[in-house]
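First up is the structure itself, then whatever we jot down about it.
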Amino acid sequence: MEQPRLITDSFPLRRRPGRAPGRIKGRVKGRGYPRVRPRVPPTPPTEDPPSSPPPDQALMEMLRRFDLAWEYGPCTGITRLQRWERAQALGLSPPGPVRDALLEHRDNPHVTYSLWHEYEL
């Protein structure tokens, strides 16, 4: 009597691309491989150092209006002072009190950076 035929006689065994070639005999799955640490996003830096006092609301409103004024060009990726200087160099005549406030509160990140400084480009 003839032996039963296997399906692999008609269709040869093929390995899938990208898969590991198979386990080594006697090795327990999950042991002996380097552990992969989960990726933890970096913690954002503190925005307001303890030494700088909170800025005045009238000052912040003036700076917010400067950020929202598109006639002075885009403000993402640069500081407010860099934007003011760029607008001045292009002859757009940005407001002088904004520059004075930026130079006076140079160490305060709430004043230095625009509304969108936390967003990635």
Original post:
So is G73 open to solvent by less than 70 Å² (accessible area, probe 1.4 Å), among the small types (G, A, S) and under 25 Å from the mean Cα position of the chain (by Cα) or not?
Top reply: yes
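Residues are listed down the side, and each one gets a yes or a no for (1) at pLDDT below 65; (2) part of a loop (DSSP other than H, G, I, E, B); (3) open to solvent by 60 Å² or more (accessible area, probe 1.4 Å):
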site	(1), (2), (3)
G32	yes, yes, yes
T43	no, yes, yes
P50	yes, yes, yes
A58	no, no, yes
L81	no, no, no
**OP:** Mind listing whichever residues of segment 88-114 are open to solvent by 80 Å² or more (accessible area, probe 1.4 Å) and assigned to a loop (DSSP other than H, G, I, E, B)?
**Re:** L90, S93, R106, D107, Y113
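The values are calculated or read from the model by the stated rules, or taken from the named source; none is laboratory data. Because the structure is a prediction, the values reported are computed rather than measured. In case anyone asks, the SASA skips ligands and DNA or RNA and just uses the protein heavy atoms, side chains included. Shrake-Rupley method; radii C 1.70, N 1.55, O 1.52, S 1.80 Å.
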